[in-house]
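Rule-based calculations on the coordinates, nothing more; no lab input. Predicted model only: the values in this text are computed from it and were never measured. Here the Cβ positions follow ideal geometry from the backbone for every residue, glycine too, while neighbour counts run over all protein chains shown.
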Amino acid sequence: MPERNALFVEPGKELNGIGHEAGNTTKCVIGVHTCGDLAVSIIKEFVADPTARVLLHFGCCYHKLNGGQDKRFIQCCSDEPSSTGMIANGKGVGFPLSDTYANFSLSYAKRELSCHAIEIFQWRLLDEHSVNDFRIQCFRSVLEWLIVKASRRKDQSILERNIRHMRLRHVKARHLGCFWDYFKAVLNDKKQLFEHINAMLEEDPLVRMEVDGMISQWHRVLAVYTIRLIIAKLTETVILEDRRCYLTERGYNAHLVALFDPRLSARNIALICIK
């Protein structure tokens, strides 16, 4: 009968010897949407374990590779420096993995981009209800512009440290009439930030005019997003090919296979290897 074991996996930790295995036991190693460096740990374990004969692996959350330590303006819950240190050039334990891609580097932003899927976007373009969702993306972009602008006023160091990568409330477009409704709804639980931006708007009325001008051209955000998604497929391919090359460099036949409709899940490409 199959045996289930749960454990905390750390980089470099071997998984050999889990369970009560007979000498002729073989394993099929399966990773289903393994997040960040967990994917690398599973692939390396497959190579190291002589009883592991088959690998079926789907990766996920590429931006968390290398511990995600190269994320700009990373928020820390402690004043203590990160124990893993910053990986400034997009290289680390998770990428690149192979000798073939040893001279490649992918920044946090590029890896985050590779998590998006053009197939789902194409499907949404055909859905008339998605138009409002695209408007919300524009609203979010304009709000980020306001936040950055506000953070550059006096006392910017205090504000900027607290708002970088701040999570904001999700608001559905159908309940909104204009950007300023969105502005109030999203920052409803961020009183300090809301008041700081309002003070800026009162001091400089031209900012409102700039915002209205941006909103009138919301379709440009859609155009930029489309270009980003074209690049997304390329960066994901580089990451997956790096993993495949890592296995082939060690004498194994490895393949990348699209196993199901990417509209069900954007991470539909399996890394398959049989020893």
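Give, as a single signed number, the net charge of other residues whose beta carbon lies under 10 Å from the beta carbon of Val142, with Lys and Arg counted +1 and Asp and Glu -1.
Net local charge, Val142 excluded: -2.
Which entries of Lys44/Lys172; Lys110/Lys149; Lys27/Lys71; Lys64/Lys190 show an alpha-carbon separation above 32 angstrom in the structure shown? All intermediate terms of the calculation are to be shown ahead of the outcome.
Working: Lys44/Lys172 43 Å; Lys110/Lys149 25 Å; Lys27/Lys71 36 Å; Lys64/Lys190 27 Å.
In this structure, Lys44/Lys172; Lys27/Lys71 exceed 32 Å between Cα atoms.
Could you list Asp37, Asp189, Asp204 so that the one with the fewest beta carbons within 10 Å of its beta carbon is first and the one with the most is last? Please list the in-between numbers first.
On the way: Asp37 21, Asp189 10, Asp204 13.
The fewest-first ordering by Cβ neighbours comes to Asp189, Asp204, Asp37.
Neighbouring Cβ atoms within 10 Å as the yardstick, rank Cys178, Cys138, Cys115 fewest first. Before the final figure, lay out each step's value.
Working: Cys178 11, Cys138 20, Cys115 17.
Fewest-to-most Cβ neighbours within 10 Å comes out as Cys178, Cys115, Cys138.
Expressed in nm to one decimal, what extension gain is obtained for the pair Arg263 and Ser130 from 0.36 nm per residue of sequence separation less their Cα-Cα distance?
Details: separation 133, 0.36 × 133 = 47.88 nm, distance 1.52 nm.
Between Arg263 and Ser130, full extension yields 46.4 nm more.
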